[in-house]
Amino acid sequence: MPYWEVFTPVGAYTDDQRQALAKAITKACIAFTGIPAFFVNVRYQEMPESTIYLGGEPTKNFVRIVTDTIAHEMPTSEERAACMEAIEDAIAPHIKDRGFDWEIHLDETPIELWRVNGLVAPVNHPELFAQWVKENRPIPWEVPV
């Protein structure tokens, strides 16, 4: 699961624009990691005027993205750099190209601290994980002892 929180100025995005950005994020996550689409959660938070400050000054043109990723670990700096590049490419048409300033960061949570519908995601069991990807939903299974 990558969980994305996108903080935007009020009215910066229409419903269709939010969905387009969410689809771009989802597509990038799937392409980079091979996870099922349902793992990708995108939440928008509109920030009223005078609730975002940069350097102590209010701003009306800033998008902040906070991402927590769990389903795909990135152990090397090369993989982390490639991930950030993929993200920047995916969001550019929706943020950069629209003239917004932005900032993004990713946190990685240990996979042992995550469940989907109460299930351990079978990321270390390729056949089971492929079934989750194919059906785009969590499928009950038993963790081998």
Of the residues in region 99-116, those that are surrounded by 14 or more Cβ atoms within 10 Å (Cβ to Cβ) and either of a type in the set (S, T, N, Q) or farther than 30 Å from W141 by Cβ (or both) come to F100, W102, I104, T109
A careful count of residues in region 40-77 that are of a type outside the set (V, I, T), within 23 Å of I111 (Cβ to Cβ), in contact (Cβ under 8 Å) with a residue 40 or more places away in the chain and outside any strand (DSSP E or B) gives 2
Going by what's in this entry, would I70 be described as in contact with a Phe, Trp or Tyr (Cβ under 7 Å, 6 or more places away or on another chain), at pLDDT below 95 and within 23 Å of I139 (Cβ to Cβ)? yes
Inside region 127-138, the number of residues satisfying the requirement of being assigned to a helix (DSSP H, G or I) and either surrounded by 10 or more Cβ atoms within 10 Å (Cβ to Cβ) or within 20 Å of the chain's Cα centre (by Cα) (or both) is 8
Residues of region 21-38 being free of Cβ contacts under 8 Å to residues at least 60 places away in the same chain and of a type in the set (A, V, I, L, M, F, W, C), in sequence order, are A22, C29, I30, A31, F32
The one condition W102 fails out of (1) under 18 Å from E5 (Cα atoms); (2) in a helix (DSSP H, G or I) is (2)
Return yes when E5 is loosely packed, with under 12 Cβ neighbours inside 10 Å, acidic (D, E) and in contact (Cβ under 8 Å) with a residue 40 or more places away in the chain and no when it is not. no
Only unsatisfied item for T26, checking (1) in a helix (DSSP H, G or I); (2) farther than 30 Å from E135 by Cβ; (3) of a type outside the set (A, V, I, L, M, F, W, C), is (2)
Pairing a residue in region 78-98 that is within 19 Å of V66 (Cβ to Cβ) with any residue that is exposed (fewer than 14 other Cβ atoms within 10 Å of the Cβ) and at pLDDT below 95, where Cβ atoms lie under 9 Å and the two sit 6 or more apart in sequence or on different chains, gives A86/A31; A90/A31
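The values are calculated or read from the model by the stated rules, or taken from the named source; none is laboratory data. Everything quoted here is computed from the prediction, not taken from an experiment. In this analysis, Cβ positions are derived from the backbone assuming ideal geometry, glycine residues included, and neighbour counts consider all displayed protein chains.
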